[in-house]
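Take a look at the structure set out below.
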Amino acid sequence: MESVVDWSRAQFALTACYHWMFVPLTLGLGIIVALFETIYYRTRNQEWLKICQFWAMLFGVNFAIGVATGIILEFEFGTNWSNYSWFVGDIFGAPLAIEGIFAFFCESTFFAVMMFGWKKFSAGQHLAATWLTAIGATFSAWWILVANSWMQYPVGMEFSPEQMRNVMTDFWAVAFSPVAVNKFLHTVQAAWCLGGVFVLGVSSWYLLKGHNQEFALKSIKVGGIVGTIGILMSMLTGDGAAVQVTKTQPMKLAAMEGLYEGQEGTPLIGFGIVNPDKRYDNDEEAMLFEISIPKGLSLLGRHDLNAFIPGVKDIVEGKDMIDGEVINTVPYAERIERGKMAQTALRQYSSARKSGDKQGMQQAEEKLREHYPFFGYGYFESVDEAIPNVPAVFYMFHIMVILGGYLLVYLCFSLFMAYRKPQWLTVRWKGIMLFPAVALLSIPLVWICHQCGWGVAEMGRQPWTIQDILPVQAAISSLESSQVMLTFCLFALLFTVLLIAEVGIMIKQIKKGPAQE
């Protein structure tokens, strides 16, 4: 079964990583194209029309590939994770259904007008379709991120022992939980950053080649604004994400910082090397090397320089501290026992129901509800199973933060050059044109930053599909590992072909440049 779990996780990760190569570019380019067309609508300058149509073509190619990978991703919930789909389908399925019925069809309809309606609709109608496409894509992201956030922070539901599954009790709690709102804002703003970096990188290629210079400069100005706004706002919402994680997923925060033993005024590690031999229950040093910001993690997690941030060991042992007062949480060993008690109560409820014993049903249900918050821990045999892969989460988090800092400096300086010192964009040093070299290098770096961010979000909550309720080993379908291995290889081949096709088409369009008529 572990083999099936591993391969199912690997297949979902493969699909999600490929899908996330296309989604942020769709969200970022959608806004940028809409802004280009808005400028054209206001000025009726044909140069702006050429700029808009060029970026709209690249947006269209990326949009189509993103849809293909996204559909496969949703199907995998039914094929590889059917126990998960049954257990929480009443809740998780609602935002996905809304995304499919409303947002996806909305953006697809207006996407057709945007791409093929230049001569069939008035300028105002076409502009409206472009904005509605961008807004529809953003609404799609909202509902997908609501579903993902609910897995991180399950609210608005209760367990029905009669149905043996969870049912929704408060749709609005699910749709507008603080975790969902912050995740949506952070993700979309980070996508604006990626769209801006992409536009700057492609535009710099024309500066390097010495043609379409005016087109490149105008694109850099608009792309630079969107990208800079995106990185600044995503840093603000990243702070909000840290606060939410501290409240709802303290184990994830501890893994992000490689923190095993908490303290008041906890430092924030800017750079470090994790000791691979460190465990929560040994005396090894957590870090082989580190550069820290004093009291930084306390400020980040609880907006208090002297706040206590629990480490892995503290969380496992059930210790925390708020305002100088020691707070006893539930130790992991006790959570495992209470989870097993909840599962036993559920079996007793089922047996009593089959025999018509109403009193037995009532007693079992009371016991089940008492211990249900720890239901998922009942699948574990040891505390170790409930701890994520600390080194992996730590390194991905710090790569994301370091790259985010680089992107902030790069985008702000690019914006300054575009508006104040455009001649600097073509400065050469030892025969190398500096800005295009940096801009082209930044394109893969911004994607690495995005992928690391999602890696932290998903691996940091392991071993859970639903935090504290359903671990991965209880969520999979009854499949043979060979079946999952086969589809993994097929999807890897298919997605790689799609990626190569997209990159090839985009390169062809970029070399072709903006239309002359």
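Glu366 meets each of the listed conditions (1) surrounded by 13 or more Cβ atoms within 10 Å (Cβ to Cβ); (2) farther than 23 Å from Gly196 by Cβ apart from (1).
Residues of segment 200-233 being surrounded by fewer than 24 Cβ atoms within 10 Å (Cβ to Cβ) and either closer than 20 Å to His398 by Cβ or acidic (Asp, Glu) (or both), which ones? Matches in segment 200-233: Glu214 only. Scanning segment 150-176 for residues that are open to solvent by less than 20 Å² (accessible area, probe 1.4 Å) and touching a Pro at 6+ places or on another chain (Cβ under 9 Å) yields Trp150, Asn166, Val174, Ala175.
Confirm whether Pro388 is of a type outside the set (A, V, I, L, M, F, W, C), closer than 23 Å to Glu290 by Cα, touching a residue at least 40 places away in the same chain (Cβ under 8 Å) and in contact with a helix residue (DSSP H, G or I) (Cβ under 7 Å, 6 or more places away or on another chain).
Values: of a type outside the set (A, V, I, L, M, F, W, C): yes; closer than 23 Å to Glu290 by Cα: yes; touching a residue at least 40 places away in the same chain (Cβ under 8 Å): yes; in contact with a helix residue (DSSP H, G or I) (Cβ under 7 Å, 6 or more places away or on another chain): yes.
Yes; evaluated as a whole, the condition is true for this residue.
Among the residues of segment 404-456, those that are open to solvent by 30 Å² or more (accessible area, probe 1.4 Å) and either of a type in the set (Ser, Thr, Tyr) or outside any helix (DSSP H, G or I) (or both) comprise Tyr406, Tyr419, Lys421, Thr426, Val427, Arg428, Trp429, Lys430, Gly431, Ile432.
Among what's in segment 462-517 and is more than 24 Å from the chain's Cα centre (by Cα), part of a helix (DSSP H, G or I) and of a type in the set (D, E, K, R), pick the residue that is nearest to Lys340 (Cα to Cα). Among those residues, the one meeting the criterion is Lys508. For segment 112-138, the set of residues classified as more than 16 Å from Phe36 (Cα to Cα) and in contact (Cβ under 8 Å) with a residue 40 or more places away in the chain consists of Ala137, Thr138, listed by residue number. Residues that are open to solvent by 10 Å² or more (accessible area, probe 1.4 Å) and over 24 Å from Val179 (Cα atoms) within segment 189-199 comprise just one, Phe198.
If you go through segment 41-100 and keep only what is under 19 Å from the mean Cα position of the chain (by Cα), over 20 Å from Met21 (Cβ atoms) and touching a residue at least 40 places away in the same chain (Cβ under 8 Å), you end up with Phe92, Pro95, Leu96. Residues that are assigned to a helix (DSSP H, G or I), of a type in the set (A, V, I, L, M) and touching a Cys at 6+ places or on another chain (Cβ under 9 Å) are absent from segment 199-211.
The values are calculated or read from the model by the stated rules, or taken from the named source; none is laboratory data. Quick caveat, the model's predicted, so the values are computed rather than measured. Every residue, glycine among them, receives a Cβ derived from its backbone with ideal geometry; neighbour counts consider all protein chains shown. These accessible areas exclude ligands, DNA and RNA; they are computed on the full protein's heavy atoms, side chains included. Shrake-Rupley method; radii C 1.70, N 1.55, O 1.52, S 1.80 Å.
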